[in-house]
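The values are calculated or read from the model by the stated rules, or taken from the named source; none is laboratory data. These numbers come from a predicted model, not from an experiment. Don't worry about glycine lacking a Cβ; one is built from the backbone with ideal geometry, like all the others, and counts go over all protein chains shown.
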Amino acid sequence: MSITELFSIAVMQGFNGLSTFSVLLLMALGLAIIFGQMGVINMAHGEFLTVGAYTTYVLSEVSQRWAPWLLSSYFLLSLVLSFAIAAGLGLLVEHLMIRHLYRRPLDSLLATWGLSLILQQVFRSTFGAREVSAHLPDWVMGSLKPTEMIDIPINGLVVMGLTLSLTSAVFLGLFRTRWGIRVRATTQNRAMSGAAGINTRRVDRLSFGLGCGLAGIAGAAFTTIGSTGPTSGSLYIVDTFLTVVFGGAESLVGTIASAFSIAQAQATTEFFMTGSMAKVITLMVVILILMARPEGLFTLKMRR
Amino acid sequence: MIGEPKLLAVEGLGVSFDGFKAVDDLTLYLDNGEIRAIIGPNGAGKTTLLDLISGKTRSSEGRVLFKGEEITALKEHEIVQAGIGRKFQTPSVYEELTVFENLEMAFPSRRSWWGALWSRRTKEVTEQVEQIAELVYLRDRLNDRAEILGHGQKQWLEIGMLLIQSPDLMMLDEPVAGMSVNERQKTAELLKQLARGRAVLVVEHDMQFVESIADTVTVLHQGKLLAEGKMANVKNDQKVIDVYLGH
Amino acid sequence: MTRASKTITGQLGALRSKMPRESWAFALTALLLLVVFPATLSGFRLAMVAKYLTYAFPAMALVVCWGKGGILSLGQGVFFGLGGYCMAMFLKLEASDPGSTSIQSTPGIPDFMDWNQLTELPFFWVPFQSLWFSLLAVLVLPGLLALGIGLAMFKRRVGGVYFAIITQAIASVLAILIIGQQGYTGGVNGITDLKTLAGWDIRSDSAKVALYYVNVGLLLGVVLLSSWVLRSKLGRLLVAMREKEERVRFTGYDVAALKIFAFVFAATISGIGGAMFTLVVGFMSPSFVGIVPSIEMVIAAAVGGRHSLLGAIYGSLLVNYGKTFFSESFPEAWLFLLGGLFILVVMAFPNGLAGLDLRRLLDSKRLAQLGAKLEALRPKPAPTPAAPQGEVPR
């Protein structure tokens with residue numbers, strides 16, 4: 001192979017990794033917020049992704065049948081709707097179940113696993129076990145061809161753009177708004193925050209909703225790169241957790257770096273061997289690194 | 001006696017968390033049979049000092065020598081086995097076990113997992129437990145579960161759990177916090193008895209209590225040594241008054 | 001109370017108060033498994049129960065390391081599978097003698113290797129031709145793996161949630177690895193068509209019954225062993241460690257060593273269960289290794305009561321029976337039920353079946369009441385003629 005061919009393949013493989021990175025990052029951000037904030041492990045996080053994906057699908061079906069004029073723009077609407085529905089469901093779940101499980105990560109792990117099973121069955125009963133696809137507007141399909149050899153699919157770029165804007169929004173929200181200050185205060189010192197008049201329960205509830213909402217948008221983004229089935233969420237859950245742990249659950253920057261390295265490592269190794277072996281190697285390397293550095297590779301602070 | 005190694009030698013000890021120096025170039029020496037009180041305002045680094053000596057936190061500078069040997073880098077359980085016992089600020093006993101079982105657990109034999117598997121409740125253990133329980137005023141509560149003990153009694157139980165290991169150095173973090181006046185007196189008597197044959201390091205805020213038990217007092221402030229000496233002298237030290245005791 | 005009810009319930013009550021509760025429960029369980037089941041269940045159902053009972057091994061393992069030691073492992077499938085695969089490899093090699101495999105391109109090697117164009121036995125399969133090696137592997141390999149994992153993690157103070165997630169990832173990795181390496185492991189179908197164990201046909205009806213008893217025997221043996229461990233100082237240290245790790249450390253104990261012990265113990269027991277599973281069911285596949293089966297083992301322990309060894313047995317029976325029953329009759333309902341079970345067990349019944357106060361059920365007062373009720377149900381003799389004063393007979 002010539003150098004240009006190799007380079008082109010590397011670039012395309014790189015972009016491939018970026019799509020995975022985007023979904024992984026959105027999921028991991030949501031999960032990190034929930035875990036860091038409330039000490040709750042949400043094993044059903046993948047199902048919130050699926051909620052967003054199915055919402056997009058439904059919207060696409062609806063506009064196809066009854067509002068064809070929406071077809072080209074429904075996608076943007078679905079982003080908003082996916083967030084809203086996933087966040088709403090998240091708030092409901094928080095009220096019914098999660099609020100009894102704060103600071104009990106092992107218990108919340110098991111209970112939310114049960115929730116994920118229930119949700120998966122709900123999806124299966126409602127939409128069937130087969131995978132479905134949303135009808136994507138034409139502008140999302142197709143690809144950019146900056147050079148003859150490099151073929152960059154637009155949906156990948158869309159997903160990436162989405163992720164970047166969302167991540168920036170989360171950062172801005174956390175570090176520049178009053179709400180963000182309350183969240184960070186509660187995370188760092190719950191008792192003091194409560195004493196200072198912050199309604200920690202409300203902060204928790206909203207954070208959980210936000211985390212789920214993020215997963216919902218990830219789900220909408222997910223429809224551009226794959227089809228949706230009842231178990232789509234569970235594909236990502238183990239990777240997401242590893243990403244959060246690897247990046248050090250305290251640090252959002254760490255989460256980004258972690259998601260990036262894991263996604264890219266997988267994409268790159270995929271080039272040299274089968275998909276499953278690539279996954280195995282990536283996961284094993286992550287596990288080994290975690291054993292050597294349990295606080296995560298990208299944590300900035302350290303105490304003993 | 002000059003020339004003989006001190007029981008505990010802390011030399012130039014220091015640690016910082018995220019740039020904040022919790023303990024800064026601290027040096028102090030402890031003799032056998034001594035009762036030393038560490039006092040100082042909140043945040044002065046008293047608990048951190050105990051953390052450093054007991055191995056809970058790793059120091060970034062300086063060293064700790066115990067009975068002439070360096071223990072700075074040892075793990076917590078190794079330091080305990082070397083003869084240093086530590087009591088925590090909030091009573092840390094096994095609530096679901098009885099007083100007897102709590103003391104038995106602390107008995108310093110069969111500490112490896114294999115040994116613990118085969119360990120049986122021998123007469124020796126039982127006698128030791130009863131003896132210690134007697135010392136810490138809990139002889140008649142041996143069969144009660146720890147969770148029903150009063151706060152002060154839990155503190156005594158924890159001291160008992162330290163005692164049964166026959167440590168050469170006992171470190172107590174606020175042993176009389178939450179105790180009634182009567183209980184404080186009894187604790188003071190207890191500690192004075194215990195100091196025979198070992199050294200006791202006490203972190204406390206109750207000045208009366210400190211006065212009644214301590215031979216020497218070390219005052220910490222912002223991680224550094226502020227003053228050291230007999231209680232009477234330290235009490236009248238202007239620096240100490242400004243920072244801590246004064247009005 | 002009549003003499004009859006006094007006898008039955010009174011005797012039971014008296015017996016119960018003489019024996020400590022654990023021995024009473026153990027005796028009942030042994031009776032159930034060794035006598036009642038074989039006497040009342042058909043061969044087919046008995047084999048099913050045998051299968052469920054093999055899951056009780058990892059469930060009991062979890063009672064020791066999670067219930068008592070506070071170490072949640074979401075990857076017991078790894079050890080179950082490892083033990084199972086060791087046994088399966090031996091059995092497969094025995095079933096793949098050159099005679100029966102003469103139609104293959106390369107006779108003498110397992111069929112799936114032939115399908116994947118392997119021409120000779122991979123090096124790590126070779127030692128499994130020996131029964132003793134295979135048995136040793138079943139006992140030792142899971143524990144060795146657990147030792148490695150434990151050393152890497154517990155020495156570094158990785159615990160709690162992080163540990164659980166990493167064990168889950170390990171389970172996932174192993175399952176993917178096994179599925180991906182078809183030629184070496186049989187892939188997603190696993191290792192099947194197992195026939196004989198050292199010449200003894202394990203597929204025959206009599207073999208199935210024998211295996212049932214071996215299974216129960218091993219299970220009860222493990223209960224006794226684990227009980228003994230838990231009653232020792234080590235067992236109390238595990239419980240103390242679960243509640244107050246720091247205190248244990250500051251009493252001079254090496255907490256990492258304690259955790260490693262619990263984890264290795266749990267792994268070894270799970271491995272034995274896996275090997276029994278292979279024998280009882282006749283195959284082993286990666287579907288017993290990954291995330292889902294591992295978490296089902298946790299649920300079985302939780303339903304039975306994570307602090308109760310015997311509870312793990314009943315939990316495994318219940319959960320697996322439920323799975324079989326529901327996936328056949330109401331497949332849609334099963335996942336709802338299972339999910340609901342997870343939630344219930346965590347939020348409402350943290351002590352599972354064992355916490356359901358069987359003591360109250362067997363309380364002598366209750367027994368007396370039960371006796372009275374039974375008595376009231378007996379047909380009464382005709383009432384005597386009314387008393388002269390017109391009193392209403394009682």
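Taken over segment C:152-172, residues that are at the interface with chain A (Cβ under 7 Å from one of its Cβ atoms), in a helix (DSSP H, G or I) and at negative phi amount to 11. The residue of segment C:283-308 that is surrounded by the most Cβ atoms within 10 Å (Cβ to Cβ), among those that are more than 14 Å from every other protein chain (Cβ to nearest Cβ) and modelled with pLDDT of 90 or more, is C:Met284. Within segment B:178-196, the set of residues being outside any helix (DSSP H, G or I) and either crowded, with 17+ Cβ neighbours inside 10 Å or in contact with a Pro (Cβ under 6 Å, 6 or more places away or on another chain) (or both) comprises B:Met179, B:Ala195. Among the residues that make up segment C:319-337, is at least one of them farther than 16 Å from A:Leu110 by Cα, away from chain A (no Cβ under 12 Å) and within 12 Å of the chain's Cα centre (by Cα)? Yes, segment C:319-337 contains at least one residue that is farther than 16 Å from A:Leu110 by Cα, away from chain A (no Cβ under 12 Å) and within 12 Å of the chain's Cα centre (by Cα). As a summary of the residue check, B:Met171 satisfies the conditions (1) assigned to a helix (DSSP H, G or I); (2) buried (at least 23 other Cβ atoms within 10 Å of the Cβ) except for the one numbered (1). Restricted to segment A:266-296, and to residues there that are free of Cβ contacts under 8 Å to residues at least 40 places away in the same chain and touching a Ser or Thr at 6+ places or on another chain (Cβ under 7 Å), the residue that is farthest from the other protein chains (Cβ to nearest Cβ) is A:Thr269. Summed over segment B:99-144, the residues that are surrounded by fewer than 16 Cβ atoms within 10 Å (Cβ to Cβ) and closer than 30 Å to C:Ile260 by Cα give a count of 10. Just one of the listed residues (A:Ala111, A:Ala134, A:Ala129) is within 13 Å of chain C (Cβ to nearest Cβ), of a type outside the set (D, E, K, R) and in a loop (DSSP other than H, G, I, E, B), namely A:Ala129. Return yes when A:Met27 is assigned to a helix (DSSP H, G or I) and hydrophobic (A, V, I, L, M, F, W, C) and no when it is not. For A:Met27, the condition - assigned to a helix (DSSP H, G or I) and hydrophobic (A, V, I, L, M, F, W, C) - is met. Candidates A:Arg182, A:Arg205: the one that is within 28 Å of A:Leu119 (Cβ to Cβ) and either assigned to a helix (DSSP H, G or I) or at pLDDT 80 or above (or both) is A:Arg205. If the condition is being of a type in the set (S, T, N, Q) and under 18 Å from A:Val11 (Cα atoms), then segment A:265-296 contributes A:Gln266, A:Thr268, A:Thr269.
Among the residues examined, B:Gln89 qualifies as touching a residue at least 60 places away in the same chain (Cβ under 8 Å) and polar (S, T, N, Q).
B:Glu147 meets all of the listed conditions (1) part of a helix (DSSP H, G or I); (2) loosely packed, with under 13 Cβ neighbours inside 10 Å; (3) away from chain C (no Cβ under 14 Å) but one, namely (3). In a residue-by-residue description of segment B:1-8, the property of being among the β-branched types (Val, Ile, Thr) and closer than 28 Å to B:Gln208 by Cβ applies to no position.
Please go through segment C:173-191 and give me each residue that is under 22 Å from the mean Cα position of the chain (by Cα) and either among the polar types (S, T, N, Q) or within 13 Å of chain A (Cβ to nearest Cβ) (or both), ordered by number. C:Leu174, C:Ala175 - these are the residues of segment C:173-191 that are under 22 Å from the mean Cα position of the chain (by Cα) and either among the polar types (S, T, N, Q) or within 13 Å of chain A (Cβ to nearest Cβ) (or both). Checking each residue in segment C:192-249 for being facing another protein chain (nearest Cβ under 10 Å), farther than 17 Å from B:Arg110 by Cβ and either assigned to a helix (DSSP H, G or I) or touching a residue at least 40 places away in the same chain (Cβ under 8 Å) (or both) picks out C:Glu243, C:Glu246, C:Arg247. Note on segment B:72-87: residues that are closer than 22 Å to B:Leu191 by Cα and surrounded by fewer than 20 Cβ atoms within 10 Å (Cβ to Cβ) amount to 3.
Here A:Ser258 passes the criteria (1) more than 22 Å from A:Leu164 (Cα to Cα); (2) in contact with a helix residue (DSSP H, G or I) (Cβ under 6 Å, 6 or more places away or on another chain) except the one numbered (1).
Of everything in segment B:67-81 that is of a type in the set (A, V, I, L, M) and within 14 Å of chain C (Cβ to nearest Cβ), the residue that is nearest to B:Thr57 (Cα to Cα) is B:Leu74. Scanning segment B:63-84 for residues that are among the polar types (S, T, N, Q) and free of Cβ contacts under 8 Å to residues at least 24 places away in the same chain yields one hit, B:Thr72.
Just wondering, is there one or more residues in segment B:82-89 that are over 21 Å from B:Leu194 (Cβ atoms), at the interface with another protein chain (Cβ under 10 Å from one of its Cβ atoms) and of a type in the set (Phe, Trp, Tyr)? Within segment B:82-89, none of the residues are over 21 Å from B:Leu194 (Cβ atoms), at the interface with another protein chain (Cβ under 10 Å from one of its Cβ atoms) and of a type in the set (Phe, Trp, Tyr). Taken together, the criteria exclude B:Ser16 from residues that are part of a loop (DSSP other than H, G, I, E, B), touching a residue at least 40 places away in the same chain (Cβ under 8 Å), within 11 Å of another protein chain (Cβ to nearest Cβ) and out of contact with any Pro (no Cβ under 8 Å at 6 or more places or on another chain).
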